[in-house]
1. Return only the number of the condition from (1) among the small types (Gly, Ala, Ser); (2) in the same structural domain as MET149 (by the TED database); (3) farther than 22 Å from CYS105 by Cβ that SER199 does not satisfy.
2. Answer with yes or no whether LYS389 is touching a helix residue (DSSP H, G or I) at 6+ places or on another chain (Cβ under 7 Å), surrounded by 15 or more Cβ atoms within 10 Å (Cβ to Cβ), in contact (Cβ under 8 Å) with a residue 24 or more places away in the chain and charged (D, E, K, R).
3. Name the single residue that is most open to solvent (accessible area, probe 1.4 Å) among those in region 541-576 being among the aromatic types (Phe, Trp, Tyr) and in contact with a helix residue (DSSP H, G or I) (Cβ under 8 Å, 6 or more places away or on another chain).
4. Check ASP404, ASP352, ASP395, ASP338 and return the single one that is within 25 Å of LEU453 (Cα to Cα), among the acidic types (Asp, Glu) and either out of contact with any Leu (no Cβ under 7 Å at 6 or more places or on another chain) or surrounded by fewer than 19 Cβ atoms within 10 Å (Cβ to Cβ) (or both).
5. Taking region 414-435 as the region of interest, how many residues are part of a loop (DSSP other than H, G, I, E, B) and not aliphatic (A, V, I, L, M)?
6. Given the structure, is ALA437 small (Gly, Ala, Ser), open to solvent by 20 Å² or more (accessible area, probe 1.4 Å) and either within 27 Å of the chain's Cα centre (by Cα) or on the phi > 0 side of the Ramachandran plot (or both)?
7. If you check TYR193 against the conditions, is it of a type in the set (Phe, Trp, Tyr) and closer than 30 Å to ARG120 by Cα?
8. Which one is surrounded by the fewest Cβ atoms within 10 Å (Cβ to Cβ) among residues in region 123-157 that are in contact with a helix residue (DSSP H, G or I) (Cβ under 6 Å, 6 or more places away or on another chain), outside any loop (DSSP other than H, G, I, E, B) and not aromatic (Phe, Trp, Tyr)?
Amino acid sequence: MDDSASATAYPQTRGASLFDFGFSRVWPRHAFAGLVLVCLAIGASAAWSDQAHAAGKAESVVSTAVIGSWPVSLHPLQGDEFGHVMAKRFVNRPLLEAGPGGLTCVYCVSVPSVADGSLRTVRDSDGTWITVARYIMRPDVRWADGVAMTTADVAFTWEVLTSTGRGLADSDQRIINVKSIQVIDERRFDVVYTGSACSDQLSVPPLLPAHLEKPIWQSNPAEYFSNSLYRTKPGTPGLYSGPYRVVAADGTTLHLEENIYWPGQKPAYGKVDLLVPANQAALETAVRAGKVDVFTTLTFDVGSRLARDLTNAYNAFYAPSDFLVHLKVNFTNPILSDLRVRKALLFSLNRDALVSSVLEGKGTVAQSLLSPFMPGYAPVSRYPFNLTKANQLLDAAGWVRGRDGMRHNISGVPLRFELRYRGNHPWPQLAPRLAEAWQAVGAQVDLVEDAALSGDAVDTTQRYSGLVGFSQSLEGGLEAARFWFHSTMIPNAANGKRGNNYFAVRIKTLDDALDHLTQAGCAVDPRRDALTEVQKAYADDLPALPLWFGTVITLANKRIDGAVDARTFASAPVEYWHPRL
């Protein structure tokens, strides 16, 4: 059977990856934090026959793995560790999920829309624009203990969020725009979003089971997260609403069983063993020992090595990643804040050759924030390998070559800066090659491998003096770039430490483009023009130095089908896995 033909097609959200490159958590210091994660979508009709489903039940158990610490943090409103977030997708899902045709509603009747009047943009009492979305819970949705899911769960979740300000273990960056939630009755509630929100930009916080968690909250709000059943009794069925529920944990494995009340696609497998190895080496050992049936990674060296070595046992699928591997720039550094220098650094890199050697050609050179495989992509300025152009720009910026070939300015200050990175793939291999390329145009680079590298340190400009290697994904759409790069998103006392612009980027054209995007509304043409403007401003003014978009690798045991989407080869949700006939 042809492997691609046997894969399942399903509604798919924007992909993400392991934080293997050195990562940046892209959320503001705000009550509604976002987290990058692998997005697993639901809601399609069955992609295989009743015969395959029956075969799955006979086989009973499928195994998978995510890298993370132990024990796994299962609380929906806690846990920013990628492996924990991925594990929680097996047992709980958000109210709304993104598919190829837009959002789909998992636990509600339909996605709010302007057409039926359930989505409207109006003036608030203070004169600002707000968007009000009316949601109606499905009458048949239940927690895994059979208790109905109602607006009481919505109200309790909102109470916890607004009282604690704890970050969400949720993928949707747009949740930060939730201003308030108002319960109408047992099934209906309104979510109020700041500004103008289109139907494909909506999000709702992940829900908590009020019938189980509210008494714990009321007894001691200050210690709620420590006393929550998600921590003290994670085997309690009613904590979960996804396709599976946790029944036991031993060693570093979560044992899951099918949730019979799950309203989505019925899983073929009755049980899932979810291994949680601590690192890539432990994952590789488990895979080679035959303990893992399906897993997905963006750690290219590990995935490609296992694909080569285990070709008789596993099918390997490669899919374009939405993760942008780029170099963040400290804009308080007088050398790097000069656009001519940033352009010269990019012109001096042969990024096509880097993708070929580091990713075996399975990657896409990045020109801006979106790859050609992502919705809204627009062609922008390119920076092909051009040493002549790089040298001309550095000459024009006042950096003169000395007899040793290194550059300095008129004051004798050397063209020298730091490149900081984590010690995981691809940086130990990539960083020296970047330094070598920049040395060829007269720049001195101090390489610093930093295991404690953080993407959300308020003192970033003091901690990291030059360039920092990161991999980031625009979960929540291109609007999320506002929190990375808009000058008003530089965390400070005046804005309540809100925003992720820790590198102090200040570029007026980019600010204007991001502002225009927030004002574009939902009409197709204005929004397309605004998306193009943001990408053009990024490429022209380089708030960061883009390198490439990588590749997601999924390995699936050859006795399993449905592990990836047949159209994209991106990883598929567990409920679509089934035995090969």
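1. (3)
2. Details: touching a helix residue (DSSP H, G or I) at 6+ places or on another chain (Cβ under 7 Å): yes; surrounded by 15 or more Cβ atoms within 10 Å (Cβ to Cβ): yes; in contact (Cβ under 8 Å) with a residue 24 or more places away in the chain: yes; charged (D, E, K, R): yes.
Judged against the criteria, LYS389 is a match.
3. Step one: filter region 541-576 for residues among the aromatic types (Phe, Trp, Tyr), giving 548-549, 569, 576.
Filter again for in contact with a helix residue (DSSP H, G or I) (Cβ under 8 Å, 6 or more places away or on another chain), leaving 548, 569.
Values: TRP548: 2, PHE569: 60 Å².
Across region 541-576, the extreme among qualifying residues is PHE569.
4. Working: ASP404 fails: within 25 Å of LEU453 (Cα to Cα); ASP352 fails: within 25 Å of LEU453 (Cα to Cα); ASP395 fails: within 25 Å of LEU453 (Cα to Cα).
None of the other options fit; the residue is ASP338.
5. Restricting attention to region 414-435, the residues satisfying the condition of being part of a loop (DSSP other than H, G, I, E, B) are 415, 422-426.
Still in the running and not aliphatic (A, V, I, L, M): 422-426.
The qualifying residues number 5.
6. Numbers: small (Gly, Ala, Ser): yes; open to solvent by 20 Å² or more (accessible area, probe 1.4 Å): yes; either within 27 Å of the chain's Cα centre (by Cα) or on the phi > 0 side of the Ramachandran plot (or both): no.
So ALA437 fails the test.
7. Numbers: of a type in the set (Phe, Trp, Tyr): yes; closer than 30 Å to ARG120 by Cα: yes.
Criteria met by TYR193.
8. We begin by selecting, within region 123-157, every residue in contact with a helix residue (DSSP H, G or I) (Cβ under 6 Å, 6 or more places away or on another chain); these are 143-145, 147, 152-153, 156.
From what is left, the residues that are outside any loop (DSSP other than H, G, I, E, B) are 152-153, 156.
Filter once more, keeping what is not aromatic (Phe, Trp, Tyr): 152-153.
Details: ALA152: 16, ASP153: 24.
Per the criteria, the residue is ALA152.
The values are calculated or read from the model by the stated rules, or taken from the named source; none is laboratory data. What you are looking at is a predicted structure, and each value in this text was computed from that prediction instead of being measured. Methodologically, a virtual Cβ is constructed for each residue, glycine included, from the backbone with ideal geometry; neighbour enumeration extends over all protein chains shown. The area values use the complete protein model at the heavy-atom level, side chains included, leaving out ligands, DNA and RNA. Shrake-Rupley method; radii C 1.70, N 1.55, O 1.52, S 1.80 Å.
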